[in-house]
1. Amide H to amide H under 5 Å from residue 100: which residues, 5+ apart in sequence or cross-chain, H placed 1.01 Å off N in plane?
2. For a label point 7 Å from the Cα of residue 54 along Cα→C-beta, name the residues of segment 87-131 whose backbone N is under 16 Å from it.
3. Can you tell me, using C-alpha contacts under 8 Å and at least 6 residues apart, the relative contact order of segment 82-131 as a whole percent?
4. Just to check I understand the Karplus step: with θ = phi - 60° and J = 6.51 cos²θ - 1.76 cosθ + 1.60, what whole-Hz values come out for segment 79-85, glycine and proline as x?
5. For each of 54, 78, count neighbouring Cβ atoms within 10 Å of the residue's Cβ, then give the residues from fewest to most.
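What follows draws every value from the coordinates through simple rules; no lab data is involved. Model, not experiment: these values are computed from the prediction. Cβ coordinates were reconstructed from backbone atoms using ideal geometry, including for glycine residues, and neighbour counts include every protein chain displayed.
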Amino acid sequence: MRMLSVCFMALFIAGCSSLPTQFNKSDMPDSKLKHQSDEKNRALSYVRLYTKPDELAGLPFKDLGIVAGESCRSTLQDSPASIATARQNMLAKAAYLNANAVLLHQCAILPGQGCYQIAICEGSALLTTHQ
């Protein structure tokens with residue numbers, strides 16, 4: 001449990017030190033925007049979220065590593081940090097690793113460096129094989 005806390009804090013510090021870059025979506029053609037959102041939704045639809053280890057009982061899987069997602073409120077005018085957004089970002093990172101499941105470890109909303117508020121979700125990316 002201590003190791004998980006140490007990893008969580010390391011991810012928290014590393015995530016807050018680099019703010020996400022923003023780009024203007026109006027500069028992109030509509031077809032490219034639609035294609036990007038379709039790809040992201042299709043990838044996320046294949047990643048299943050497990051919240052309890054018991055749900056994996058009897059299911060063979062391969063652990064692909066730890067994934068984390070975050071949602072940062074960088075200014076007071078921004079919308080509050082969202083656990084749902086952090087969870088979606090975590091699932092997107094798992095999909096990038098070709099995982100089809102994530103076992104959620106924890107989610108938290110914290111005050112952070114570089115962010116007024118940050119939501120972080122952490123879990124294990126898994127590749128499950130159905131029998």
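1. 126, 127, 128
2. Label zone hits: 104.
3. Relative CO of segment 82-131 lands at 43 percent.
4. 5, x, 4, 10, 5, 4, 5
5. With the sparsest Cβ surroundings first, the list reads 54, 78.
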